[in-house]
1. From (1) more than 21 Å from Asp291 (Cβ to Cβ); (2) in a helix (DSSP H, G or I), pick out the condition that doesn't hold for Glu125.
2. Within segment 53-64, is even one residue modelled with pLDDT of 95 or more and within 30 Å of Gly157 (Cα to Cα)?
3. Is segment 66-75 home to any residue that is of a type outside the set (Phe, Trp, Tyr) and assigned to a helix (DSSP H, G or I)?
4. Just to verify a result, which residue in segment 282-309, among those that are closer than 18 Å to Leu226 by Cβ and surrounded by 14 or more Cβ atoms within 10 Å (Cβ to Cβ), is farthest from the chain's Cα centre (by Cα)?
5. Got a sec? Which of Gly190, Gly185 is buried (at least 20 other Cβ atoms within 10 Å of the Cβ), under 23 Å from the mean Cα position of the chain (by Cα) and not charged (D, E, K, R)?
6. Select from segment 20-39 the residues that are assigned to a loop (DSSP other than H, G, I, E, B) and charged (D, E, K, R) and write down the one among them that is farthest from Lys90 (Cα to Cα).
7. In segment 260-281, which residues are touching a strand residue (DSSP E or B) at 6+ places or on another chain (Cβ under 9 Å) and surrounded by fewer than 17 Cβ atoms within 10 Å (Cβ to Cβ)?
8. Taking Tyr17 and the conditions (1) outside any helix (DSSP H, G or I); (2) farther than 19 Å from Ile155 by Cβ; (3) in contact with a Gly (Cβ under 9 Å, 6 or more places away or on another chain), which numbered condition does it fall short on, given that it satisfies the others?
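The values are calculated or read from the model by the stated rules, or taken from the named source; none is laboratory data. These numbers come from a predicted model, not from an experiment. Quick reminder, even Gly has a Cβ in these numbers, built from the backbone with ideal geometry, and neighbours come from all protein chains shown.
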Amino acid sequence: MNASPIYAGIEGGGTKYVCALSDGRSPELIARVSFPTLNNPEATLGACVAWLRNQQAAHGRIAAVGVGSFGPIDLDKKSPTYGRITTTPKPGWQDADVAGAFASELKVPVGFDTDVNVAALGEREWGAGRGLNNLVYITIGTGIGGGALLNGEPIHGLLHPEMGHIRVCRNPAEDPFEGICPVHGDCWEGLCSGPAIEKRCGAPAQDLSPDNPVWGKVAHYTSVALTNIIFTLSPERIILGGSVPKGGQLGRDKFMAMVCAETTKALNGYLKVPALLEHMDEYIVPPGLGDNAGVCGAIVLAMRAERGA
């Protein structure tokens, strides 16, 4: 049995819940499992709690839990609905008490934040954002979300950033696809998320050929959104994760190169910074932790919760 403290990280996505254990000293995981995100929160969260209880028998008592959740979520600790999902379109999950499920069942401190904020924390601790205090993590997959760190802390304001709903100026004459966002139609998520690509093309992104014109459209709209983020938050680095930037048959390297070129074009030399003028491929980068960015960040959040941070 491990003598070091054990921390649990939970990455709660709209498609799956990933659970992992770590001693917090490195991104190496002691154990990892995933469960489908059912339309029944009690069943999904119950499966996670049961797994964590079983793991305690093998690895020792869990000291704290960190949860990164899809949103929108209530992050106001003074609110009666703190720790809950709010207006999500995910069936069954509106008002689901995610943080409370782990706190009440495991009786340990629970850190709670957006899935993208915790991914940013993980990348800063162990991944592509090491040594940086101001960075943005974007995921483009089932939806689009963005987490931002300012002076090493996740940004929380009136709610939390909802970068996926940035408007990206679609020209209907050039692009008749109206988008799929049920609220905004052709926002960034409505045009570039995995389901949007599949709706537009009739096939998932991973099955599309390298010469499919949708890649150019997704790279362009993504560059517009990233340019807005650069002008607004001035991050030291942008980390682009999720399933879509893997590029399907096009490949991650070529897709990332397209996004970098389009972002350079959109900035048009306005910001005289070497990172943006000469090293864009080192400024917009894939996650250093790969698919474990979220769950590793949730472990960082658990350690912060144990310290009362």
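1. Going through (1) more than 21 Å from Asp291 (Cβ to Cβ); (2) in a helix (DSSP H, G or I) one by one, Glu125 breaks only (1).
2. Yes, the conditions are met somewhere in segment 53-64.
3. Within segment 66-75 (the criterion being of a type outside the set (Phe, Trp, Tyr) and assigned to a helix (DSSP H, G or I)), the answer is no, since none of the residues qualifies.
4. Residues of segment 282-309 closer than 18 Å to Leu226 by Cβ: 282-287, 293.
Right, trim to surrounded by 14 or more Cβ atoms within 10 Å (Cβ to Cβ) and you get 283-287, 293.
Values: Tyr283: 18, Ile284: 15, Val285: 14, Pro286: 12, Pro287: 11, Ala293: 8 Å.
Ranking the qualifying residues of segment 282-309, first place goes to Tyr283.
5. Answer to the selection: Gly190.
6. So, considering only residues that are assigned to a loop (DSSP other than H, G, I, E, B) and charged (D, E, K, R), the one farthest from Lys90 (Cα to Cα) is Arg25.
7. Ala275
8. (3)
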